[in-house]
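Got a structure for you, written out below as structure tokens; questions coming shortly.
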Amino acid sequence: MIPSIEKCLYFMDKYRMLENIKAHSIMVGKVANLIAGRLRNAGIDISVEKAVSGALMHDIGKTISLKSGGNHAEIGRQICIENHLNEIADIVGEHVILSSYSFSGPYTEKEIVYYSDKRVNHDKIVTLEERLAYILERYGKKQESLCLRIRKNFELCESVQKKLFLKLDFEPESLFQLGNNEKF
């Protein structure tokens, strides 16, 4: 089942999502809505509902993870499965790192949510470079091997950005204005 926006908000409350994480998820949802909607308008076979729901739920496991120390993407994937949200479970599970990606392959909701999350720091739309700097500072812990993996993941995100914007009718820089005006 693909949950409605209202159902996603219900799950945020049910799993006691912290307000700052909720604000982040809502902005990621707005960015995903914009990108998925414009890709759909460009003739790409994409589910806007699935992308938005996946974006709203992408950090559903984050509050639990902060307490338990577990992998928040996997915790979120399990929460989706437990609540019969199988259609978005893998989107939630892969929002940090895509398990498979092809630049020339079909466009996917996973790519949209993965990219949208990387463009939102807290509840503000930022560049990939700004988000990378934040992630390195917050999670890199000055460990060279971890920072290298984070940088490699952002190189992949740059490729996803190129792919998405081949079909979009605006540039990545326009996301600031367009995304902030987006409504569901």
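Every residue, every condition in (1) in contact with a strand residue (DSSP E or B) (Cβ under 9 Å, 6 or more places away or on another chain); (2) exposed (fewer than 15 other Cβ atoms within 10 Å of the Cβ); (3) more than 21 Å from residue 54 (Cα to Cα), yes or no:
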site	(1), (2), (3)
112	no, no, no
116	no, no, no
122	no, yes, no
128	no, no, no
136	no, no, yes
142	no, yes, yes
151	no, yes, yes
183	no, yes, no
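Kindly evaluate residue 94 against the criterion of being acidic (Asp, Glu) and under 10 Å from the mean Cα position of the chain (by Cα).
Here the answer is yes, as residue 94 does meet what is asked.
Every residue in region 97-120 that is among the hydroxyl-bearing types (Ser, Thr, Tyr) and under 13 Å from the mean Cα position of the chain (by Cα), please.
Listed by number, the residues that qualify are 108, 114, 115, 116.
Any residue that is under 15 Å from residue 121 (Cα atoms), among the hydrophobic types (A, V, I, L, M, F, W, C) and in contact with a strand residue (DSSP E or B) (Cβ under 7 Å, 6 or more places away or on another chain) - is there at least one of those in region 11-24?
Taking every residue of region 11-24 in turn, none turns out to be under 15 Å from residue 121 (Cα atoms), among the hydrophobic types (A, V, I, L, M, F, W, C) and in contact with a strand residue (DSSP E or B) (Cβ under 7 Å, 6 or more places away or on another chain).
Of all the helices (runs of 4 or more DSSP H) wholly in region 1-102, which have at least 2 residues that are of a type in the set (Asp, Glu)?
Fully inside region 1-102 and qualifying: 5-14, 72-82, 86-93.
Select from region 132-176 the residues that are among the hydroxyl-bearing types (Ser, Thr, Tyr) and modelled with pLDDT under 95 and list them in ascending order.
Correct list: 134, 139, 145, 174.
Could you list all residues from region 156-181 that are of a type in the set (S, T, N, Q) and either surrounded by 18 or more Cβ atoms within 10 Å (Cβ to Cβ) or part of a helix (DSSP H, G or I) (or both)?
Within region 156-181, 159, 161, 174, 177, 180 meet the criteria.
The values are calculated or read from the model by the stated rules, or taken from the named source; none is laboratory data. Note that the structure is a prediction, hence the values are computed from the model and not measured. Ideal geometry is used to build each Cβ from the backbone, glycine not excepted, and the neighbour counts take in all protein chains shown.
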